[in-house]
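Below is one structure, written out as structure tokens; the observations come after it.
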Amino acid sequence: MTMHTDEAADSVVLLYTTWPDGAAAEAAARTLLDERLIACANIFPAGRSVFRWDGDVQAEAETVAFFKTSKARAGAARTRLTELHPYDEPCILALPAEPGLSAAGFVQWVASETR
């Protein structure tokens, strides 16, 4: 069955996350790939986060990772990321792909990798 381009684009979700380091992000990515919960992860080291936590302003080095998944698997991927993450309250934000603006072939690949 071939998905219509807009349906396929609507089925892709990027999970934006932050991690204490690249090793933790990569370990999570490999686990989610093995479990077919994601198609791909992009890991960007050397980020810096400034935030308020427990009433104090903090600044820490963090690694940013985007996990590409299907809408159907996004909930399970989020749950698994939460289980694997070392933070008490991990940053996990679901960003849906914009229908009609995403590359159809890539979107279909994400769908096929997360079935």
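The values are calculated or read from the model by the stated rules, or taken from the named source; none is laboratory data. Keep in mind that this is a model prediction, so the values were computed, not measured. All Cβ positions, glycine included, derive from the backbone under ideal geometry; neighbour counts span all protein chains shown.
When residues in segment 9-39 are screened for being touching a residue at least 12 places away in the same chain (Cβ under 8 Å) and of a type in the set (Lys, Arg), 1 of them pass.
Residues of segment 42-54 that are among the aliphatic types (A, V, I, L, M) and farther than 17 Å from Tyr87 by Cβ: Ala46 alone. Quick check on segment 26-43. Is at least one of its residues modelled with pLDDT under 95 and of a type outside the set (Lys, Arg)? Within segment 26-43, not a single residue is modelled with pLDDT under 95 and of a type outside the set (Lys, Arg). Pairing each residue of segment 91-115 that is more than 21 Å from Arg36 (Cβ to Cβ) with any residue that is among the β-branched types (Val, Ile, Thr) and at pLDDT 90 or above, provided the two are 6+ apart or on different chains, yields C-beta distances under 7 Å for Cys91/Thr17; Cys91/Thr18. With a requirement of 2 or more residues that are of a type outside the set (S, T, N, Q), surrounded by 15 or more Cβ atoms within 10 Å (Cβ to Cβ) and touching a Phe, Trp or Tyr at 6+ places or on another chain (Cβ under 9 Å), the helices (runs of 4 or more DSSP H) lying completely within segment 21-115 that satisfy it span 22-34, 71-84. Hey, does segment 83-97 have a residue that's of a type in the set (D, E, K, R) and at pLDDT 95 or above? Yes, segment 83-97 contains a residue that is of a type in the set (D, E, K, R) and at pLDDT 95 or above.
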